[in-house]
Every structure is written in C-alpha cells, then in structure tokens.
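See below for the structure under consideration.
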Protein chains: 2
Amino acid sequence: LKETVPGSSAAADLRINIDRLMARLFELGKIGALDGGGVSRLALTDEDKEARDRIVGWMRELGLTVHIDGIGNVIGIRAGSEEGLPVMVGSHIDTVATGGLYDGSLGVLAGLEVVQVLHDAGVTTRRPLAVAAFTNEEGARFAPDMLGSLVFTGELSLEDAYDIVSIDGERLGDELERIGYRGDASVGGLAPHRYVELHIEQGPRLEAKGITIGAVTGVQGISWTEISIQGVSNHAGTTPMRFRRDAGYAACVIGSFVRELANTIGGDQVGTVGSLELHPNLVNVMAERAKLTVDLRNTDENRLQKAEAELSAFVDRLAKEEDLKIENRKLARFEPVEFAPEMIDRVEKTARSLGLSVERLPSGAGHDAQMLATLCPTGMIFVPSAGGLSHNTKESTKPEDIEAGANVLLKMVLDLAS
Amino acid sequence: LKETVPGSSAAADLRINIDRLMARLFELGKIGALDGGGVSRLALTDEDKEARDRIVGWMRELGLTVHIDGIGNVIGIRAGSEEGLPVMVGSHIDTVATGGLYDGSLGVLAGLEVVQVLHDAGVTTRRPLAVAAFTNEEGARFAPDMLGSLVFTGELSLEDAYDIVSIDGERLGDELERIGYRGDASVGGLAPHRYVELHIEQGPRLEAKGITIGAVTGVQGISWTEISIQGVSNHAGTTPMRFRRDAGYAACVIGSFVRELANTIGGDQVGTVGSLELHPNLVNVMAERAKLTVDLRNTDENRLQKAEAELSAFVDRLAKEEDLKIENRKLARFEPVEFAPEMIDRVEKTARSLGLSVERLPSGAGHDAQMLATLCPTGMIFVPSAGGLSHNTKESTKPEDIEAGANVLLKMVLDLAS
C-alpha cells in the first residue's frame with residue numbers, strides 16, 4: 001500500500017467509491033426486506049441482530065477495533081497516528097416497520113466507505129476515527145427514539161433503559177441479551193472530538209429547490225404523548241347520541257384537532273397522530289377504550305410548549321364534555337437542538353469546495369446527532385429524499401447525491417482528524 | 001302429570017319460574033365467560049359450539065324435536081294437538097366480544113322456560129310451538145348481522161352466506177362445518193304462524209321512565225359502511241402539513257363528522273365509528289392506510305338515506321381535498337321495519353292484563369324479529385336494561401323485570417297457540 005499523507009493534495013483528491021457504497025446499502029437492505037420493496041428492521045429483533053452482525057463483520061474486515069457498549073451501540077475504532085479523542089461518524093441501522101434502505105444505514109455505511117478509502121490509500125489520520133451504529137434510533141419498537149445515543153450521552157441510565165417495554169411487550173434489557181448485543185464496553189467511554197452524521201433529508205425541501213447538500217442547522221424539538229381514553233362501551237343502535245361516552249369519538253376528535261393545532265401555530269410546527277387503537281373495535285359497539293399517540297415538533301421551544309399546552313387543554317375540555325377519563329403519558333421529549341456554528345460552516349464550506357450546491361436547513365426528524373451535540377461540536381450533512389418520502393418503503397436517494405454527501409463526509413473527516 | 005286445558009282459567013294462572021330461568025341464564029353465561037364478568041361468544045367459535053350443545057341438550061330434555069338447518073339455526077319443536085304452522089319464539093346465543101349474559105340468550109331461554117311451564121302443567125297447545133336460536137345475530141364476527149334469520153327468510157342464499165369471511169379470516173361455511181352445526185333441515189322449511197321475541201331493550205328509555213315492558217313498534221333501519229383510505233406514509237417530523245396525504249387524519253375527521261351528522265339530522269338518528277385501524281400504526285409515521293366502519297341507524301328510511309348521502313358526499317370531498325383514495329363497501333343495509341299492529345297491540349294488552357306498566361317504543365338495535373316480520377306477523381317484548389348498557393360486560397336486567405317479560409311471553413304464546 002502506498003502512503004498518502006493527510007492534508008496533502010493527494011489526500012484532498014481522495015473520493016469515495018459510490019458503487020461499493022451502493023452495494024453495501026443494497027446488501028444491508030436485504031436484511032428484513034419486505035415483499036415489494038423497503039425494509040422492516042425494528043430494533044433488537046432478529047433482523048436487527050443479523051444487520052448488526054454484518055456491520056461488525058465489515059468493521060473487522062477493515063481492521064477496526066469493535067466495541068459493543070452496554071446499550072448495544074456498535075462502535076468501530078481506527079487508530080490514529082496519535083492518541084486522543086476520535087472523530088466520530090455514524091447513525092443507526094434499525095428501521096420503522098415500513099422503512100426504506102437509506103434512513104440511518106447511509107450514515108453508518110458511508111462511515112465504513114470513508115474508512116475503506118483511507119485504508120486503500122494507506123492514509124493514517126492524526127486522530128483516531130470512530131464509526132458508530134446507535135441502538136434503537138427510530139423508537140418504533142421501544143420509546144423513546146434515539147435511545148442508544150441518549151444512553152451514550154448519559155442522559156438516560158442503563159438501568160432505566162433496560163426496563164423499557166416494547167410495543168410487543170418485551171423488556172429492552174432482555175431483548176438486548178437475547179440477540180447478544182449487551183456489550184461490555186463502558187457506555188460513553190468514547191467521548192468524541194467531533195461528530196458528523198450523513199443522513200437523508202426525509203423531507204421535500206432539497207429536492208424541491210434542486211440543492212444537493214443540506215448543512216443542517218439543528219433539529220426540531222420533539223414531544224411524544226400517548227393518550228389513553230376510558231369511556232363506556234355501549235350498543236351503537238340503542239344509545240342516544242347525548243348519552244354517549246364514546247372513547248372512539250374522542251380519539252377521532254383529538255386526531256382532527258392535532259392537524260388544526262399545527263396549522264394554527266403555523267411556521268415549522270407539525271403534528272401527527274400515527275397510532276390509534278380502539279377496544280373492542282367492533283362495528284356496532286362504541287369503544288370503551290382508545291389509545292393514540294400525538295407527535296408534535298417545532299424548531300422553537302416556546303412554540304412547542306404552546307402546542308403541548310393547547311393539546312393538553314383541549315384534551316381536558318374534551319374529557320369533561322364527554323364524561324371520559326383521559327390520561328396522558330409522555331413517551332419522549334427533546335428540546336430543539338442547534339448545532340455548533342463552526343460545524344454548520346464546515347459542512348457548507350466543504351460542499352462548496354467540492355463544487356456542490358448547498359443550503360442551510362433545520363432537520364424535521366430527530367437524529368443521533370442531536371444527542372451527540374451535548375458531548376462535542378456536531379454537524380450533519382443532508383442529501384435529498386426523492387419525493388420527500390421517508391419512513392416509507394419507497395424511500396430513495398439518487399446515487400449521485402449519495403456520492404456527493406459521502407464525499408463531503410470524507411473531506412470533513414480528513415480535515416477534522418488531521 | 002295433570003292436564004291443563006289451554007284457554008282455561010288454570011292455564012291463565014300459569015307463571016314462569018324465575019329462579020329456573022335465571023339459573024339457565026347464568027349457566028349459559030359461563031360459556032365464554034370473561035374475567036371480571038361478561039361473555040365473549042362470537043358466532044361459530046368453540047364457545048358458540050359449546051353453548052349450542054347446551055341449548056340442544058335442554059331442548060331434548062324438554063322433549064322437543066331439534067332441527068338444525070343449513071345455516072346452523074337451532075329450532076326445537078313441540079307438537080300441538082293439531083298439525084299446522086307453529087307459534088315461534090326465540091332469539092340468538094352469539095354475543096359481541098365484550099358482551100353480557102342477556103342480549104339474545106334471554107329470548108331463547110325464556111322460550112325454553114315457557115315450554116317447561118307447559119310441560120310441567122301438562123298443557124298441550126292446539127298449534128305446535130317452536131323455540132329458535134338463530135345463527136350470528138350480532139354480526140361481530142361475520143357481517144352482516146342477523147345472518148341466520150336473513151337466510152331463514154330467504155333474503156340471503158346459503159351459498160352466499162357460506163362464502164362470507166370473518167374478521168379473523170375464516171370462511172363461514174367452513175366454520176359452521178368445523179363446529180358441527182351445518183345441519184340437514186331445509187332452511188325456512190318452518191314458516192311460523194306468529195313470531196314473538198323477548199329481548200332486553202339495550203337502551204335507557206324504559207329504565208328512565210320506570211316502565212317494565214316495552215311493546216316494540218319496529219326496528220330502526222341499519223346502514224353499515226366500511227371505509228378504506230389509501231394515503232402516503234411519511235415521516236411525522238419532516239413532512240410539512242400542507243404536503244401530507246395522511247390516511248389516519250382522514251379517518252379521524254370522518255369519526256368526528258359522524259357525530260356531527262347524527263346531531264344535525266337529529267331525531268332518532270345515531271351514528272357510530274366503532275372500529276378504526278391504522279397502518280403501520282406507529283407514533284412517528286403518518287398512516288399509509290386506514291380502515292374504519294360507520295354504523296348509521298334511523299327509524300325513518302328517508303332520513304337514513306339522507307345520512308348515507310351526506311356521509312358519502314363528505315368522504316368524496318375529503319378524498320379530493322387530501323388527495324387520498326377512499327373506497328366504501330356496504331357491510332349491511334336493512335330498511336326500517338314496522339311490526340304488525342295486531343302484535344304490538346297484543347304485547348301491550350297482555351302486559352296490562354298482568355298488571356304491568358307498558359309503553360310503545362321502537363328498537364334501536366337490529367333483531368332476528370325484523371327478519372321474521374317478512375314471513376309472519378311478529379311482535380317483540382322489551383324489558384329494561386340497567387343504565388341502558390348493552391354490548392358491555394356490565395349489561396344487566398333485574399330478575400323481576402325478566403320475570404315480567406317472560407310471563408308476557410308465556411301468555412302470548414298460550415293465546416296465539418290456542
């Protein structure tokens with residue numbers, strides 16, 4: 001292997017191999033593949049285990065030292081010419097139940113591709129490099145989302161995390177044990193020097209404007225509430241409308257209100273009722289119980305609090321008017337995060353230096369990066385999502401955009417680790 | 001056994017044995033009993049089979065000739081002193097998933113009690129008597145409801161009925177075969193002279209007015225529609241509100257609208273969304289698909305049609321506004337039924353002759369009686385429901401009210417069969 005000196009013009013000319021990166025994306029996408037496209041790889045399932053095994057295998061092939069910490073985060077380390085804090089890149093490999101090939105996986109596999117380019121070119125960076133795949137970023141099976149990075153940063157204890165129960169009734173600690181990913185490495189023992197995450201935008205903005213790279217300014221605040229409604233089950237034909245205590249009706253009214261609330265608050269505010277269940281769920285019986293979730297997000301903490309307060313007041317009023325018992329439970333709450341200006345600038349400058357169009361924008365989705373931002377200066381690189389689709393089996397990003405984003409990542413890693 | 005001559009004053013003094021009737025109600029209620037009270041005995045399940053076996057056993061003990069017809073209706077015949085069309089009483093023994101002990105079972109077991117009183121008193125009526133338990137009245141597992149009596153009256157063919165698929169994916173004909181209740185008796189081979197059904201009111205009106213007996217004037221028309229919504233699944237955080245094609249939101253808006261629709265049409269109109277399901281049903285993913293049912297009822301056919309038309313127009317508008325594909329499927333449709341005036345009069349007069357308070361009222365629920373009304377003059381006797389509750393595990397009726405209702409049934413049967 002010839003040696004390329006970091007910071008040299010030869011190092012500046014290094015580029016990622018898009019065919020190799022796409023091949024790994026498609027190979028990983030086969031694990032948990034759904035008929036007709038897309039992926040279902042919920043956290044700590046058999047599919048997640050298989051995908052983790054693949055990632056660990058690739059890390060070992062690239063000569064990385066693999067650490068599995070107590071919450072199952074998989075971190076591959078490449079030594080630098082000096083000791084010190086590593087430059088970390090990464091994301092997650094779990095998906096929602098009807099997910100795509102790119103959300104999360106891109107950040108991890110682009111990290112491996114960066115390492116492979118350095119490996120093939122014989123480049124040793126001054127600082128160590130780390131490639132991380134964080135546990136349960138989606139929160140689709142265990143709430144809250146971004147759980148692995150939350151534990152990594154010390155904001156959630158291992159003990160509390162282990163006791164979280166999944167939507168299918170399994171304890172997180174037991175599932176981690178079952179798939180063999182409750183590791184020995186101390187959690188957060190690897191504080192990074194800088195963290196950079198490449199991710200698909202998952203929204204329509206870059207594509208709509210024909211921009212290739214997003215320099216992410218921060219992440220929306222996220223508020224998840226589970227609302228449980230207790231009414232009285234009764235016969236749909238014989239119960240006059242005014243006598244009803246219908247949990248199903250109340251759930252529907254809340255579902256309508258959330259849209260109205262988001263529109264009234266305006267700006268970046270979004271609101272979604274993605275999950276709603278009735279019991280006994282029969283055509284001719286009004287529901288005795290209903291359970292639904294409300295997902296509220298805003299880049300502005302004050303407005304997000306206003307949205308939460310208005311939802312809560314609406315639900316209280318509804319409970320009184322309809323004579324129902326309604327309970328709220330917070331499933332997740334994250335304040336908006338602003339990334340370090342030096343890192344936003346760096347994404348922007350790096351993209352420009354590669355001749356790529358770039359625009360600053362906030363992230364609508366939560367990301368592991370927002371957790372890492374509490375530990376070190378953190379940046380995120382977005383690439384466009386076709387049709388703005390994500391959390392959808394048709395999620396996709398053009399190979400040329402992935403190549404562009406991965407090259408920004410490669411150049412940032414080289415600069416930060418020099 | 002001494003002989004009591006029907007029509008004699010000795011016969012007029014006959015009364016049902018409430019302890020025996022309550023004992024049978026509680027014994028049948030053990031089959032499919034739920035922890036904490038109530039019953040789950042969905043049509044053609046193992047529980048339904050066990051309950052049918054018990055009914056057939058009791059019929060045989062009372063010397064009835066048992067006929068099982070092609071749709072599984074169980075009919076016990078007691079010979080009269082003359083040949084001819086029987087006076088039929090009955091109801092059903094299937095329940096909803098969270099049902100009570102009285103809905104349906106009361107009409108069948110009161111019929112057996114009437115036979116037992118006549119048996120013990122040595123009374124032979126002029127006309128034969130028939131006690132019927134009709135298949136799948138609830139429609140909670142197979143739509144439409146009142147399926148056994150619908151086939152009995154010839155309005156639904158056996159072949160079409162067999163091909164109906166349950167909510168758990170089983171074919172009706174196969175399930176009937178599996179539990180051993182696809183019988184040989186020809187369907188509808190037993191046209192009755194008159195049909196009388198004793199049933200709980202399942203609503204709050206009799207109890208609210210302190211009335212013991214309801215003389216049922218007819219049954220509300222019923223319209224069941226299944227609405228399937230196809231939207232686009234996307235990320236709850238990154239998709240601006242104006243770009244959403246959210247099937248879950250549309251389902252909620254329809255659920256809210258149905259209440260508004262019932263209130264606007266007013267009068268007897270009721271409307272219920274009892275079943276609603278989202279896919280993928282996750283907190284941070286807007287639903288790609290939603291499926292819900294709408295149950296609309298009115299005693300007036302024109303108003304019911306108006307409600308259906310307004311619902312349909314609303315759904316069409318919503319599909320256009322939200323850029324969704326929405327399909328409607330009729331699960332059941334019955335026009336309002338008016339019982340024969342002679343039978344309404346007869347319930348009222350019989351109750352008065354026994355010193356019982358009585359009031360005319362329509363039925364909000366569908367009943368086998370409305371199907372039988374197309375074959376012969378038909379009457380229904382209602383007794384009060386505590387708190388107006390039904391299709392609820394807490395459903396109950398006071399023993400003295402059950403006794404009163406069963407005595408009205410006994411006297412009507414004696415009069416009609418003489």
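The values are calculated or read from the model by the stated rules, or taken from the named source; none is laboratory data. All values reported here derive from a predicted model rather than from experimental measurement. Note that each Cβ is placed from the backbone with ideal geometry, even for glycine, and that neighbours are counted across all protein chains shown. What goes into the accessible areas is simple: the full protein's heavy atoms, side chains included, and nothing from ligands, DNA or RNA. Shrake-Rupley method; radii C 1.70, N 1.55, O 1.52, S 1.80 Å.
Some points to look at:
- Phi angles of the stretch A:64-74 translate, via the Karplus equation with coefficients 6.51, -1.76, 1.60 and θ = phi - 60°, into HN-Hα couplings of 6, 8, 9, 10, 10, 8, x, 9, x, 4, 9 Hz per residue; Gly and Pro are given as x.
- Relative contact order (percent, whole number), chain A, Cα cutoff 8 Å, 6+ residue spacing: 23
- Length-normalised contact order of the stretch A:93-250 in % [C-alpha pairs under 8 Å, at least 6 apart]: 17
- For GluC sites (Glu not before Pro), the sites in the stretch B:27-98 that DSSP calls loop and that have at most 11 other Cβ atoms within 10 Å are B:82, B:83.
- Distance in nm between pseudo-label sites at residue A:302 and residue A:228 (7 Å out along the Cβ direction from Cα): 3.6
- Per principal axis, descending, Cα span of the stretch B:354-418 in whole Å: 38, 29, 19
- Chain B: C-alpha pair distances exceeding 36 Å, %: 28
- Between the amide H of residue A:381 and those of A:197, A:198, A:199, distances stay under 5 Å, these residues lying 5 or more places away or on another chain, with hydrogens modeled in the peptide plane.
- Against the empirical curve 2.2 N^0.38 Å, the C-alpha radius of gyration of the protein assembly as shown lands at a ratio of 1.19.
- Here the stretch B:158-235 yields Rg over Rh of 1.13, to two decimals, using C-alpha coordinates and the Kirkwood radius.
- Applying Stokes-Einstein at 10 °C and 1.306 mPa s to the Kirkwood radius of the stretch B:106-181, computed over alpha-carbon pairs, gives a translational diffusion coefficient of 110 µm² s⁻¹.
- Backbone geometry of the stretch A:386-394 corresponds, through the Karplus equation with coefficients 6.51, -1.76 and 1.60 at θ = phi - 60°, to 3J(HN,Hα) couplings of 4, x, x, 7, 8, 6, 8, 5, 8 Hz, x marking Gly and Pro.
- Karplus-based coupling profile of the stretch A:207-224, in residue order and whole Hz: 4, 4, 9, x, 9, 8, 10, x, 9, 7, 7, x, 10, 4, x, 10, 10, 10, with θ = phi - 60° in 6.51 cos²θ - 1.76 cosθ + 1.60 and x standing for Gly or Pro.
- Directionally averaged projected area (convex hull, Cα atoms, the stretch A:210-263), nm²: 7.2
- Note on A:240-246: average number of Cβ atoms from other chains within 10 Å of each residue's Cβ is 5.
- Close amide H pairs (under 5 Å, H built 1.01 Å from N) link residue B:39 with B:34, B:99, B:100, residues at least 5 positions away or on another chain.
- Other copies of residue B:178: label-to-label distances in nm, shortest first, labels 7 Å along the beta-carbon direction: 2.7
- Across peptide B:378-390, the average count of Cβ atoms from other chains found within 10 Å of a residue's Cβ is 2.
- Taking all C-alpha pairs of the stretch B:59-189, those more than 24 Å from each other amount to 31 percent.
- For chain A, hydrophobic long helices are taken as DSSP H runs at least 20 Å long by C-alpha position along their axis with mean Kyte-Doolittle hydropathy of 0.0 or more; these are A:105-121, A:247-265, A:399-417.
- For the residue pairs A:291/A:320; A:306/A:330; A:30/A:349, the alpha carbons lie more than 25 Å apart in A:30/A:349.
- Accessible carbon and sulfur surface of chain A relative to its total accessible area, %, 1.4 Å: 46
- Expected 222 nm ellipticity per residue - DSSP helices of 4 or more, -39500 (n - 2.57), all of chain A, to 500: -11000 deg cm²/dmol
- Proximal aspartates and glutamates to residue A:209, defined as alpha-carbon separation beneath 12 angstrom and excluding residues fewer than eight positions away on the same chain: A:359
- Sorted from shortest to longest, the distances between the residue A:122 label points of this copy and the other copies are 11.9 nm, with each point 7 Å from Cα along the line through the beta carbon.
- Annotation: amide H-H contacts under 5 Å for residue B:363 (H modelled 1.01 Å from N, sequence separation of 5 or more, or interchain): B:217, B:218, B:219, B:220.
- Quarter of Cα convex hull surface for the stretch A:155-287, i.e. mean projection, nm²: 14.1
- Teacher prompt: residue B:345 distances to equivalent labels in other copies, 7 Å Cα→Cβ, nm: 9.8
- Taken over the stretch A:259-384, the convex hull of the Cα atoms encloses 148 Å³ per residue.
- Whole-angstrom gap from the stretch A:391-418 to the stretch B:170-236, using each part's C-alpha centre: 60
- Computed with a 1.4 Å probe on the full set of protein chains, the accessible area for residue A:235 sits at about 10 Å².
- Shielding by partners, peptide B:251-262 (average Cβ within 10 angstrom, other chains): 5
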